[in-house]
Amino acid sequence: MVKPGGICPVEGPCSAAACCIIDIRMPYFMRLVLFLFCLMALVESRKSRRKRWTGQLEMPKQSHLYKKNLDVTKIRPGKPRPLLRVDDHDFTMRPAFGGPAIPVGVDVQVESLDSISEVDMDFTMTLYLRHYWRDERLAFPSTSNKSMTFDGRLVKKIWVPDVFFVHSKRSFTHDTTTDNIMLRVFPDGHVLYSMRITVTAMCNMDFSHFPLDSQTCSLELESYAYTDEDLMLYWKNGDESLKTDDKISLSQFLIQKFHTTSRLAFYSSTGWYNRLYINFTLHRHIFFFLLQTYFPATLMVMLSWVSFWIDHRAVPARVSLGIMTVLTMSTIITGVNASMPRVSYIRAVDIYLWVSFVFVFLSVLEYAAVNYLTTLQEQKERKFREKFPCMCGMLHSRTMMLDGSYSESEANSLAGYPRSHILPEEDRQDKIVVHLALNSELTSSRKRGLLKGQMGLYIFQNTHAIDKYSRLIFPAFYIFFNLIYWSVFS
């Protein structure tokens, strides 16, 4: 070991004492304890010298990729400091309770007009509904005058306007991926409350001009509990409060105009309420109904006229054509009524379809009349041939009446008899049954009487004339009807 007065290998404040105390005469265990004690003193002395050289403690070097910001929402030991003093007030009361009515501004942005239903008489719309008001209870100190934005969880803890949709059938707030609700609070207490809603509301439609109609629908907003003495609901920026997407379109309608209005609504049991209106006008596209209703109906009417050019003896052809056109018109009328509400008044499309149906039905009745008159004429001819089996020796074909009861047309039917029925010249004097020779003057006078008194009878007896006049009368009246129809309803 080290002798007194020699060089001690241990440095430090206790090196001299350690060197003097450590002696070979000390027990081994004591020498080991003293050695460890001197070693620990040496380490501590070097740490103190390093502090004096640098003058400060070493801090871990932070990465340049991450800069830690102060988390103001962290709850620190001691008394917590809330951002909004929600627990200090009773938010079941409206702002300035007991004072004047609180003004609540509203603006709407229409995202889409999803559907229009004529059967249910309603429409479906998706929109962004925003409310603006001031609640001094939510004011907070801020040096930067920046607002704070929250989601729907704070809405349940503070007061918000109780606006609802009047005459709505169904409505919901979107919740994908979370509730589509936003709350923005400004330092002075102003609040912006926004939500995304889809609503199905009633629309009173007038179908008297359907499908050449225009419909005006309204979406109405109103406070449910607060009258105009407690809450004043108004459009925040007038007509500019309603904004629409330029891409909004419907398959059957053209959206002509969006505009806003407001008025007071009175309930006998509760009082007066402010009500806001979102009005929009829809004009129906006619091209779809031209292809699906008007053109098929017109073609069926024109197809029924084909029977006028078919021989009246072709009974199966004319009957089947008439029945087919009548059944097709019935199908078209049924299809149109199935997609429409059951209204108690006549619509424009009903007028067109039923008039077309009448024209088709009249074409069937026309053939029934032709067939009936043809049957009567054949019966008269049969009786005439049975009464006069042979007409011989006729001087000319100007015979007007035979036996006082037959006309010239009936007499002319004898032209179909074969020559074998005509007697020879020598037997004519004995076998002639009737022979009336009329001179030219008497024949002319009789013909003039026929033209004056029996013209109507001639038309009905000549079945070919009925078809001939129908070819002109039916198209002329149908064209006249179309001119009046489209001039009135278009």
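Only the coordinates and a few stated rules stand behind these numbers; no lab work does. What you are looking at is a predicted structure, and each value in this text was computed from that prediction instead of being measured. Cβ atoms come from the backbone with ideal geometry, glycine included; neighbour counts cover every protein chain shown.
Separation of segment 134-179 and segment 188-233, taken as the distance between their Cα centroids, equals 19 angstrom.
In this simple spin-label model, placing a label point 7 Å from the Cα along the Cα-to-Cβ direction at both Trp486 and Phe172 gives a separation of 4.6 nm.
Taking the three principal axes of the alpha carbon atoms in segment 250-386, the coordinate ranges are 95, 34, 17 Å, sorted in descending order. Couplings 3J(HN,Hα) of segment 183-195, computed from phi: 10, 10, 10, 9, x, 7, x, 6, 10, 10, 10, 10, 8 Hz, in residue order, whole Hz [Karplus 6.51 cos²θ - 1.76 cosθ + 1.60, θ = phi - 60°; x for Gly and Pro]. Per the Debye calculation on segment 121-231 with a single equal scatterer at every Cα and no solvent contribution, log₁₀ I(q)/I(0) for q = 0.22, 0.23 Å⁻¹ amounts to -1.24, -1.30.
Judged by the mean number of other Cβ atoms found within 10 Å, the most tightly packed of the peptides 302-308, 133-139 leads the ranking 302-308, 133-139. In order along segment 99-110, the Karplus-derived 3J(HN,Hα) couplings, from 6.51 cos²θ - 1.76 cosθ + 1.60 at θ = phi - 60°, round to x, x, 5, 7, x, 10, x, 10, 9, 9, 10, 7 Hz, and Gly and Pro are given as x.
Here the Karplus curve 6.51 cos²θ - 1.76 cosθ + 1.60, taken at θ = phi - 60°, turns the phi angles of segment 91-96 into couplings of 8, 6, 8, 6, x, 6 Hz, with x standing for Gly and Pro.
Is there a pair in Lys146/Lys247; Lys157/Lys243; Lys157/Lys247; Lys169/Lys257; Lys146/Lys257 whose C-alpha atoms are over 27 Å apart, and which pairs would that be?
Flagged as over cut-off: Lys146/Lys247; Lys157/Lys243; Lys157/Lys247; Lys146/Lys257.
Descending by average beta-carbon neighbour count within 10 Å, the peptides 330-336, 106-112, 206-212 line up as 106-112, 206-212, 330-336, the highest first.
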